[in-house]
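For reference, the structure is listed below as structure tokens.
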Amino acid sequence: MRPSRNRALTPIFLAACLCASLSAAAFPDKPVRFVVGFTPGGPSDILARSLGQKLADAWRTQVVVENRPGAGGNIAAEAVAKSAPDGYTWLLGNNSILATNQSLYRNLPYDPVKDFAPVALVAIQPNILVVHPSLSVSSVPELITYLKKNPGKTNFASTGAGAAAHLSGELFKAMAGVDMVHVPYKGAQPALTDLIAGQVQVMFATSASVIPYIKAGRLRALAVTTARRSPAVPELPTVSEAGVPGFESVTWHGVVVPAGTPAELIFAVNKKINSVLEEKELKERLENLGAEVAGGTPQEFASYIAREIPKWEKIVKASGARAE
């Protein structure tokens, strides 16, 4: 009797599984390339270098951070998407690269779902809803009441059309049923300068950028945009608990690799990332950036991305925001 096809393939299948397991056990045996889509010195770069150094120390292998800025992170994402799926090329993705750019750019050179395999959500950066002290509101309900009584008369600043600060404002408008006028700036500093001067009245800004101004009394904080209260400002309610149920808008960062990377390697990298994220020194480093450690499984990160894409697609379309 001839052996069945399944039985004939069994040794080959087992050998393949054994090779994959051995490969994961030996990983990494050469330097890892960690690609960042933004300039040196920014939050994404500092986060990647901090995480990369901890991983390099643990593995005793280099983790080389490579900055490839431009087009909202799309240049870096395209480069990684086209790299060999061998576990040695990573991308520090964020909410722009993996969620909102798909709606903002007409011709995105990669597919954020099909071209990448999620490894781990690394950190989230809460935004804080702040207002100029001249605006006579001290809570989210008071702001909503004020905006409804004065539709289209209040300006909100952002770091640019389609940026997180812009889309956070648009999400707030949609969920709270209010109207504000968007004023885009070329970066955070000019936006904050005009906000502090009272040229604009409202902004959803990263916590690290505005906490010093809040403490100095130059800006008034109303709420954080995370689903839970932030350890950095535990006295502030979330926007959701303060009057807009379900509101969440954060800047998040996570590691992805090219699609087709062996699952064994993905789980090996995920395990090590989760391990170093527990180290006190790295946690403190991220907290200085206004970021909170995340962690979790590849499946959890994939589910998170899958929820973020349609959520922001709706907001981008409603706002008419475009980036080229």
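The values are calculated or read from the model by the stated rules, or taken from the named source; none is laboratory data. Since the model is a prediction, treat every value here as computed from it, not as a measurement. Counting neighbours? That spans all protein chains shown, and the Cβs are built from the backbone with ideal geometry, glycine included. The protein model used for the area step is the full one, side chains on, heavy atoms only, and it has no ligands, DNA or RNA in it. Shrake-Rupley method; radii C 1.70, N 1.55, O 1.52, S 1.80 Å.
Numbers below:
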| read-out | value |
| --- | --- |
| Per-peptide average of other Cβ atoms within 10 Å, ordering 160-169, 136-145 highest first | 160-169, 136-145 |
| Relative contact order of the chain, pairs being alpha-carbon contacts under 8 Å that are 6 or more residues apart, as % | 26 |
| Peptides ranked, highest mean first, by Cβ atoms within 10 Å: ranges 41-52, 224-235 | 41-52, 224-235 |
| Correct choice for Rg and Dmax of the Cα atoms in Å that was computed from the model, options (i) 21.3, 63; (ii) 21.9, 89; (iii) 30.1, 99 | (ii) |
| Prolate/oblate/rounded label for segment 28-92 (Cα gyration tensor, a/c 1.5) | oblate |
| Using a Förster distance of 22 Å, the FRET efficiency for Gln53-Asp86 (Cβ separation, nearest 0.05) | 0.50 |
| Average Cα contact separation per residue, segment 155-222, under 8 Å, 6 or more apart, as relative contact order % | 38 |
| Accessible surface, segment 231-324, averaged per residue in Å² (probe 1.4 Å) | 49 |
| Förster radius 22 Å - calculated FRET efficiency between Val293 and Val113 (Cβ-Cβ, nearest 0.05) | 0.30 |
| Where labels lie 7 Å past Cα in the beta-carbon direction, separation of Glu313 and Ile75 in nm | 2.8 |
| For segment 173-237 versus segment 254-324, the gap between their alpha-carbon centres in whole angstrom | 23 |
| Simple spin-label estimate for Asp179 and Glu300 in nanometres, 7 Å along Cα-Cβ | 4.3 |
| Reachable aspartates and glutamates, given that their alpha-carbon falls under 14 Å from the alpha-carbon of Lys173 and they are not under 8 places away in the same chain | Glu248 |
| Directionally averaged projected area (convex hull, Cα atoms, segment 197-281), nm² | 8.8 |
| Peptides ranked, highest mean first, by Cβ atoms within 10 Å: ranges 264-273, 174-183 | 264-273, 174-183 |
| Tensor-based shape of segment 52-167 (alpha-carbon gyration tensor, a/c under 1.5 rounded, otherwise prolate or oblate) | prolate |
| D_trans [Stokes-Einstein, Kirkwood Rh over alpha-carbon pairs] for segment 112-197, 10 °C, 1.306 mPa s, µm² s⁻¹ | 109 |
| Amide N proximity, segment 54-92 versus Tyr105 label position 7 Å along Cα-to-Cβ, cut-off under 19 Å | 66-84, 90-92 |
| Value in Å of the Kirkwood radius, where segment 80-139 supplies the Cα pairs that are averaged | 14.8 |
